[in-house]
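Taking it in order: structure first as structure tokens, then the write-up.
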């Protein structure tokens, strides 16, 4: 009888160790998935911070080019439409002034730094998009590991007892396979 009680105690202790081990494992996997989702959100925030800068840079580049090239086009039109020498001289001065501004821009920004800013922001945005993709993939891996633990027997019984439920994977929204239309 004593051997049976010792055997039952040993089985109960082993079951207790297994329950605590499985519970701790479920907690660890759940928190790891939560932490990984925070990493995804952190990269989303980086994306949200970059996009306004990118939009403003594009607007700045467009405005800069439109102002200079618009002035050049307007002065050329005035020159072509000018009838008197005075009107042509004024139009030519406008062309020269616009060209001078273009040269100043080119001198001050040999490679048009605003364009470099745009390229830098685009590169950062591309890098952020890649990071988001990697972090989403990692999140789904952690969720898969957690879900496997929650669904597999015998850990599924412990998960059920302690209220652990399956987590949802990150899924792309419907229509996300279509490129967004960008308008300024």
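The values are calculated or read from the model by the stated rules, or taken from the named source; none is laboratory data. Worth saying up front: this structure is predicted, and the values here are computed from it rather than measured. When we count neighbours, we look across all protein chains shown, and the Cβ atoms used for this are built from the backbone with ideal geometry, even at glycine.
Kindly indicate the residue of segment 19-34 that is touching a residue at least 24 places away in the same chain (Cβ under 8 Å) and closer than 20 Å to residue 153 by Cβ and also farthest from the chain's Cα centre (by Cα) among those meeting that condition. So that I can check it myself, show each step before the final result.
First, pick out the residues of segment 19-34 that are touching a residue at least 24 places away in the same chain (Cβ under 8 Å): 19, 22-23, 25-26, 29-30, 32-33.
From what's left, closer than 20 Å to residue 153 by Cβ: 19, 22-23, 25-26, 29-30.
Details: 19: 40, 22: 35, 23: 34, 25: 31, 26: 30, 29: 25, 30: 24 Å.
If we take residues in segment 19-34 being touching a residue at least 24 places away in the same chain (Cβ under 8 Å) and closer than 20 Å to residue 153 by Cβ, then 19 is farthest from the chain's Cα centre (by Cα).
Identify the single condition in (1) over 23 Å from the mean Cα position of the chain (by Cα); (2) surrounded by fewer than 15 Cβ atoms within 10 Å (Cβ to Cβ); (3) at pLDDT below 85; (4) part of a helix (DSSP H, G or I) that residue 11 does not satisfy, given that it satisfies every other one.
Against the list (1) over 23 Å from the mean Cα position of the chain (by Cα); (2) surrounded by fewer than 15 Cβ atoms within 10 Å (Cβ to Cβ); (3) at pLDDT below 85; (4) part of a helix (DSSP H, G or I), residue 11 comes up short only on (3).
Out of the residues in segment 142-171 meeting the condition of being part of a helix (DSSP H, G or I) and free of Cβ contacts under 8 Å to residues at least 24 places away in the same chain, tell me which one is nearest to residue 47 (Cα to Cα).
Of everything passing the filter in segment 142-171, 147 is nearest to residue 47 (Cα to Cα).
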